[in-house]
Every structure is written in C-alpha cells, then in structure tokens.
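Visitor: Before we start, here is the structure in question, set down as structure tokens.
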Amino acid sequence: MPGPNQQRKLLFAFLYGTAEMAGIPFRRLVWATRHEHGEKTGREHYHWLIGAEEWNPTLADMFRLNALWNRQPKCGFCRNHPFDPRLNGVEYVTKCLSGSALGDSLGGRLLRMLQIRSPRGRGDAQ
C-alpha cells in the first residue's frame, strides 16, 4: 500500500481524471472521501462520493471510473456505483462529522446536491 502522501496524489489524479471523463472543470466537481481500515482484516481502503450538478453519471460511467482507478499504479481494485438516496452513503462517508458540522462542511454541500438530483457517483476502493 502506498504511503499517505502517495495515496493523496493518486486520489487527486483520480478526481482530476473523473472531471475530465465527465467533461466538466475540476473546480465544479464536488467530492467527499474517507479513509478507513477494514473491521475484519484491517485492510486500508477509501469510500467516496463524487458529483457535479452538470453531470448525471450512467452505469457506463461507473465502469469508466473503475477503469480509471485501475490504471493507476498500486491502487488495488475499485467499485463505483450510482448514488442511491435510499442508502446512507453521505452519512457513512462523512461519519466523522456530526450534526451542524455536517451541514456546514463540504459533506453538507454534497448532501444537498445529491438530494436535489440523483443518481450520483458513489464508490469504494480497496
């Protein structure tokens, strides 16, 4: 597993690639990510939510995002899924924030955007 600095670089490379794939400027991309260790094996992994008001990702986009992640060195595998508002995805990714902190944060902006329009991209990388 790459060190923390390399992980951040790879994550941002993925985010820039996502914006390019979606045909939107990077600054319009709204995202939240959380790093954690798996409960059973302790394997490091990330969860993320990615969206933009002008991007309505399709299932084909999810496959493109998986391929984009898989092309990066030392990244392991990736599963991206369309956002499902019935699931607790925003709260799960932002579980380190609580109450008013969530509403005042980037996670809050993402939550409002996702509530307005769906589906949106949701992903897990391991």
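Visitor: Ranked from highest to lowest mean number of other Cβ atoms within 10 Å per residue, what is the order of the peptides 47-54, 25-32, 70-77? Walk me through the numbers before you get to the answer.
Guide: Details: 47-54: 20.0, 25-32: 15.8, 70-77: 12.9.
Taking the mean over residues of other Cβ atoms within 10 Å, the ranking is 47-54, 25-32, 70-77.
Visitor: With 10 angstrom as the radius, rank Met62, Met21, Met1 by how many other C-beta atoms surround their C-beta, starting from the fewest. List each step's numbers first, then the result.
Guide: Details: Met62 19, Met21 15, Met1 11.
With the sparsest Cβ surroundings first, the list reads Met1, Met21, Met62.
Any read-out appearing in this document is the output of simple, stated calculations on the displayed coordinates, not a laboratory observation. Since the structure is predicted, the reported quantities are computational estimates derived from the model, not experimental observations. Quick reminder, even Gly has a Cβ in these numbers, built from the backbone with ideal geometry, and neighbours come from all protein chains shown.
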